[in-house]
Amino acid sequence: MTIRIGICTIEQVCELQEISYETFNETFKAQNSPENMKAYLEKAFNREQLETELSIADSQFLFIYVNHKVAGYMKVNINDAQSEKMGLESFEIERVYIKKEFQKHGLGKVLLHKAIEMAAEHHKTNIWLGVWEKNENAIAFYEKMGFVQTGAHAFYMGDEEQIDLIMTKKIL
């Protein structure tokens, strides 16, 4: 199995949109109404929105490839691009998604290690993320990787308010 991480470019926006829809559906479809899923997917992953996010200098999308096939992706933010005001010493992992067929092969761990490496390159001392309070598998994974809950914030899935746990890890 050959694993490679590459930066997602604006020319790959269609591929990013496709994997965003697929992985978000795989992860959350069973726990949310079809109406709320549709509303969220159309808002968060429409082509114009993704192109805007790809053009932000302090944000970056990375694809993880297995045997030359996109298996997942990660979005990271620094400075004012962070989705919460966590300070200039912080580095955000906004999204980490792995296609179901590639889960349980350590790819999430590879992406988290890449994020920590990137944070260190930017001289950040803190790395953080938000995770839905009902996503028990993800929470357990992040805890295993050394993240601890430090807060929470509201997140809207369509018209339903949900809670994301804020989890952080000191890195330097």
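The values are calculated or read from the model by the stated rules, or taken from the named source; none is laboratory data. Remember, predicted model here, so these are calculated numbers, not experimental data. Neighbour counts are summed over all protein chains in view; Cβ atoms, including those assigned to glycine, are modelled from backbone coordinates with ideal geometry. For the accessible areas, the whole protein counts, side chains as well, though only heavy atoms, and no ligand, DNA or RNA atoms are used. Shrake-Rupley method; radii C 1.70, N 1.55, O 1.52, S 1.80 Å.
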Highest-MSF residue in the chain out of Ala120, Ala81, Ala57 [GNM, Cα springs under 10 Å]: Ala57
From the backbone phi of region 108-123, what are the Karplus-calculated ³J(HN,Hα) couplings (6.51 cos²θ - 1.76 cosθ + 1.60, θ = phi - 60°) in whole Hz, Gly and Pro given as x? x, 5, 4, 5, 5, 4, 5, 4, 5, 4, 5, 4, 5, 4, 8, 6
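Please report the projected area of region 79-172's Cα convex hull averaged over all directions, in nm². Write out the running numbers ahead of the final one.
Working: hull surface 25.7 nm².
Computing the convex hull of the Cα atoms and averaging its projections yields 6.4 nm².
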Could you report the accessible area of Tyr40 in Å², rounded to 10, computed with a 1.4 Å probe on the protein chains as they sit in the structure? 40 Å²
Compute, for Thr150, the solvent-accessible surface of its heavy atoms (probe 1.4 Å) with the complete set of protein chains present, and express it in square angstrom to the nearest 10. 80 Å²
In the full protein assembly as shown, how much of Lys69 is accessible to a 1.4 Å probe, in Å² to the nearest 10? 100 Å²
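Rolling a 1.4 Å sphere over the protein heavy atoms, what is the accessible area per residue of the chain, to the nearest Å²? Before the final figure, lay out each step's value.
Values: 9170 Å² over 172 residues.
I get 53 Å² per residue for the chain.
Ignoring ligands, DNA and RNA, what percent of the accessible area of region 70-140 is carbon or sulfur (1.4 Å)?
Values: 1570 of 3300 Å².
Summing carbon and sulfur atoms, their accessible area is 48 percent of the total for region 70-140.
Just to confirm a number: summing +1 for Lys and Arg and -1 for Asp and Glu over residues other than Lys104 whose beta-carbon lies under 15 angstrom from that of Lys104, what do you get? Intermediate values should be presented prior to the final figure.
Numbers: positive: Lys99, Lys100, Lys109, Lys144; negative: Glu26, Glu101.
Around Lys104, the charge tally is +2.
Could you work out the relative contact order of the chain? I mean the mean sequence separation of Cα pairs under 8 Å and 6+ apart, divided by the number of residues, in percent. Present the calculation step by step, with values, prior to reporting the outcome.
Working: 279 pairs, mean separation 33.8, N = 172.
After rounding, I find 20 percent.
Tell me the Kirkwood hydrodynamic radius of region 1-53 in angstroms, computed as one over the mean inverse distance between distinct C-alpha pairs.
Values: mean 1/r = 0.0816 Å⁻¹.
For region 1-53, inverting the mean 1/r across all distinct Cα pairs yields 12.2 Å.
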Just the Cα atoms of the chain: what Rg and Dmax do they give in Å? 15.3, 43
